[in-house]
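The values are calculated or read from the model by the stated rules, or taken from the named source; none is laboratory data. Just so it is clear, the structure is predicted and the values come from calculations on it, not from any experiment. With ideal geometry, Cβ positions are generated from the backbone for all residues, glycine too; neighbour counts draw on all protein chains shown.
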Amino acid sequence: MRSYLFVPGDAPRKLEKGLASGADALLLDLEDSVAPDAKPKAREIVRDYLLAQASRKDRPRLFVRVNALDTGLTDADLDVVMAARPDGILFPKSRHGGDVTHLDAKITAREALHNIEEGTTRILVLVTESAEALFGLSNYRGSSERLDGMTWGAEDLSADLGAETNRNERGDYTDPYRLARAQCLIAAVAAGVAPIDSIYPNFRDADGLRREALEGRRDGFTGKMAIHPDQVPVINEIYTPSAESIAQAKRLIDAFAAAGNAGVISLDGQMYDQPHLKRALRLLARVKK
C-alpha cells in the first residue's frame, strides 16, 4: 500500500469523501481528531461505516485508529468496532513490542467472540510518539503475526519533548525528528514489515509534500500517511514504481539467474552484487501487493 488517509471517525461526510480519494487505506480515527465527549458516538459511526462498506470490492482497506492503552479507552473502542470486522487496527503511542503483543491478545479475544478467523485483523503501529518509545524499537520483530506496518509521528513526540517546533525555517524536520524517522524506518525493516512515512501537515503545500515523499521513497519508505484527500494523488504517484524501474529490476533479476545466481554480475557496463538483487526483488514484491 502507498497512501494511508486519516479520516475523523465522527465525520460521516468526510468518511464518504475518503472513499473517492484514491487512497489505498483509510485510517478511521477514534483518537486525536475526536473530542473526548464525541468518542462514544464516533465508535458507532465507524462501526456503521465499516458494515456499510464490507461487501464493496473496490473499496480501500479500512483501519481504525483506536485510543492508546494508557487512556483506558482501547477496550471500549475494540468492543464496538471489531463487531464490524475492520481490515486492521492502527495502534498509537506504542512504547515497545510488548504493547503490540498486548493489543494482539485483545484482538484475538474479539475475533473469537465475533466468529472472525484468527489473524484476519491486521495491525499498523505508531512507534515514535514519546521519548520512551524511541528506546523500545528493537523488539517489534515477533511481537505479533498480525503486524503489517510501522509508522512514526512527530507531533506527539514534539509535545512530549517540550519542543517549540519540529521543523526548521526551511520546513525540514529538526534533528530529534530526523532521528525518530530514521529509527522507525530501520526498525520496520528489521521487523519485516512495511515502513510508512509520517504525514506532511501543510496540505496546501503540494510542492513540500512532493519533496518529502520523494525523500521518503529514496530512503526506503514504501508509503506515506495523509491528512487530506488532496495529498493522496501525489503520494500514489511517487510511491508507485515506474515502468522503467520495474523493467530494470526484472532485467537485473534475470541477469543474476542467467549467471547462476553469482555473487556479482555485469550489466550494461556496471557491476551489481547481492544488495542490488535484494533491492530489485523488494521492488517487485511491492508491485505484486
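Flag not set for Lys93, criterion: in the same structural domain as Leu147 (by TED's automatic domain parsing), outside any strand (DSSP E or B), more than 16 Å from the chain's Cα centre (by Cα) and of a type outside the set (A, V, I, L, M).
Among the residues of region 217-238, is there at least one that is free of Cβ contacts under 8 Å to residues at least 24 places away in the same chain, assigned by TED's automatic domain parsing to the domain that holds Asp148, assigned to a helix (DSSP H, G or I) and surrounded by 15 or more Cβ atoms within 10 Å (Cβ to Cβ)? Yes, the conditions are met somewhere in region 217-238.
Looking at region 124-167, which of the residues that are under 17 Å from the mean Cα position of the chain (by Cα) and among the charged types (D, E, K, R) is surrounded by the fewest Cβ atoms within 10 Å (Cβ to Cβ)? Filtering region 124-167 for residues that are under 17 Å from the mean Cα position of the chain (by Cα) and among the charged types (D, E, K, R), the one surrounded by the fewest Cβ atoms within 10 Å (Cβ to Cβ) comes out as Glu145.
Checked against (1) in a loop (DSSP other than H, G, I, E, B); (2) acidic (Asp, Glu); (3) farther than 16 Å from Lys17 by Cα, Asp70 passes all but a single condition, namely (1). Just one residue in the set Leu73, Leu5 is within 21 Å of Ala133 (Cβ to Cβ) and at pLDDT 95 or above; that residue is Leu73. Somewhere in region 55-67, is a residue in a helix (DSSP H, G or I) and at pLDDT 95 or above? No, every residue in region 55-67 fails to be in a helix (DSSP H, G or I) and at pLDDT 95 or above. On inspection, Leu69 fails the criterion of being under 16 Å from Asp148 (Cα atoms) and crowded, with 17+ Cβ neighbours inside 10 Å.
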